[in-house]
Every structure is written in C-alpha cells, then in structure tokens.
Amino acid sequence: MLQQLEWDSNFFGKKIAKIDSLELIKNAAQINRQIKESSFDLVYCFARQNEGNVEEIVNVIDNAVWVDGKVTYLKEVQKQVNIDLTFIGSANEMENGLFDLAIQTGIYSRFHTDKRFEPDQYINLYKKWIENSVNRSIADEVGVWRENELLEGMITIGEKSGRADIGLVGVDQSARGKGIATQLLRFAENFAYNKGFKELQVVTQQQNEPACRLYEKYGFELESVVNIFHIWK
C-alpha cells in the first residue's frame, strides 16, 4: 500500500511515500505494519471524507497527524466574463515579486504548518512552483496584476484531468480588499473558455477560510474534501 514518491524524496532529502487507500480504517493494521517495517522517514496518508472522520483515522493509524483538508472547488465554464484588462497581463520571465507572492500563497500549506519541515524547504518548494509555472513546464498561463508598476497579484493556470486547473492564486498583503483576486479569477475563466475547457477547478486548504469564501462567492461549488495526515518515523 506504500508508494514511494521520488520527486518529494529528492526535493526534501527524505525518504517519502504515500498511502491512498479506499479502505483506510479496514486496512489499518496492515498499514501500520508496513510503515513500521519500512525505511521511509515520512508517509503522506490521504483519506476521503467517506473513509472516516479525522478522529477515527488518528485513532487507528499509528502516529498519524492531521495536516490538511484538501478542498477541490469546481465551476462550469460557459461564456467569457467581463474583465478589466488595464492592469492584467502575462508573466513570461521570473522576477522577485513573483517569488514573494508565491511564498505568501503557501502560508496554509502543510509543508509550512508541519514544523517537522525546515522553513526554507517550504519557501524553496513554492519558489520552484512559480519558476516551473513561468517557464510553462507545469502551467499554460501565468496572469499578473500590475498597478503603478507594482506587482500586486498573480494566478497560474494549467490542465489536470481534462479540466482547466488553477494552481497558485496570490494577492500581495498590501493590496488586498481591492477586488484583484476576483479579476484574476475572471482572467483564469476566460483563459479556460478560450482553450475550450468546460470546467475550471481550484484546490485549496480547508483552513484557508479567506480563499474558500472567495471561490464560493465567485461561483465555485465544493466537489470534494480529502484529509491529509503526515506519519513521521
């Protein structure tokens, strides 16, 4: 049931695996035995809502610590939406402001909230994420909001499972409350429409309440919640 994660292991310098079981509680004894006998430093455990609540899973999986509720929101894309293009454009090269925005988007990330990770590992992860988005290896578009020559917001858009997929959304803390995030979502929806996608999805953390409120207000509907646990040895 343990699947080694090569990318995570190489990036974090630890032996990391994951468990993605549909019968987590039923197979708890086998899972505990496999983890105990393995050489992994860390195991991610993903549990859908119908597999039991957080307390039930923590009680049966040894050393499991809840670190995230991964929320997927979905919106139908039916037409182009009105957008103010005065301040929005595409980012095609890296700059320091994008690093700063990417790091701000990750404050609710499990790699930041789980203090067993070093702070620079979370920062390097989000730097790599925005770098690979701008060079278009993991994203198809990076939209940025500039006002008075200041980079105040950004959004990355790609494709996942046949849907348009929003990766990172960030507005600088000094520019929040101006409606920039909504304009960036409109930018993403128009991109999805122009590329022929019928659905637009975004994944965020359940504890990131401002982001959840933003997506729900914009018209996204909750599709699923997956609880994530870290099991350190």
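Taken over the range 57-79, the residue count meeting the criterion of being open to solvent by 30 Å² or more (accessible area, probe 1.4 Å) and touching an Asp or Glu at 6+ places or on another chain (Cβ under 8 Å) is 4. Which of the residues that make up the range 39-73 are polar (S, T, N, Q), free of Cβ contacts under 8 Å to residues at least 60 places away in the same chain and more than 16 Å from V225 (Cα to Cα)? Scanning the range 39-73 gives S39, N59.
The single condition among (1) in a helix (DSSP H, G or I); (2) of a type outside the set (K, R); (3) open to solvent by 40 Å² or more (accessible area, probe 1.4 Å); (4) at pLDDT 95 or above that S39 does not meet is (1). Just to be sure before I move on: is G177 surrounded by fewer than 22 Cβ atoms within 10 Å (Cβ to Cβ), of a type in the set (G, A, S) and at pLDDT 95 or above in the structure I sent? So G177 fails the test.
I'd like the residue in the range 42-56 that is assigned to a helix (DSSP H, G or I) and open to solvent by less than 80 Å² (accessible area, probe 1.4 Å) and, out of all such residues, is modelled with the lowest pLDDT. It comes out as E51.
Open to solvent by less than 30 Å² (accessible area, probe 1.4 Å) and within 26 Å of N194 (Cα to Cα) - does that describe any residue in the range 17-27? Checked the range 17-27: no residue is open to solvent by less than 30 Å² (accessible area, probe 1.4 Å) and within 26 Å of N194 (Cα to Cα). Checked against the criterion of being open to solvent by less than 70 Å² (accessible area, probe 1.4 Å), within 24 Å of V65 (Cβ to Cβ) and at pLDDT 95 or above, the candidates S109, S133 yield just one match: S109.
The values are calculated or read from the model by the stated rules, or taken from the named source; none is laboratory data. As the structure is a prediction and not an experimental result, all values here were calculated from the model. When we count neighbours, we look across all protein chains shown, and the Cβ atoms used for this are built from the backbone with ideal geometry, even at glycine. Please note that ligands, DNA and RNA were not included when accessible areas were found on the heavy atoms of the full protein model with its side chains. Shrake-Rupley method; radii C 1.70, N 1.55, O 1.52, S 1.80 Å.
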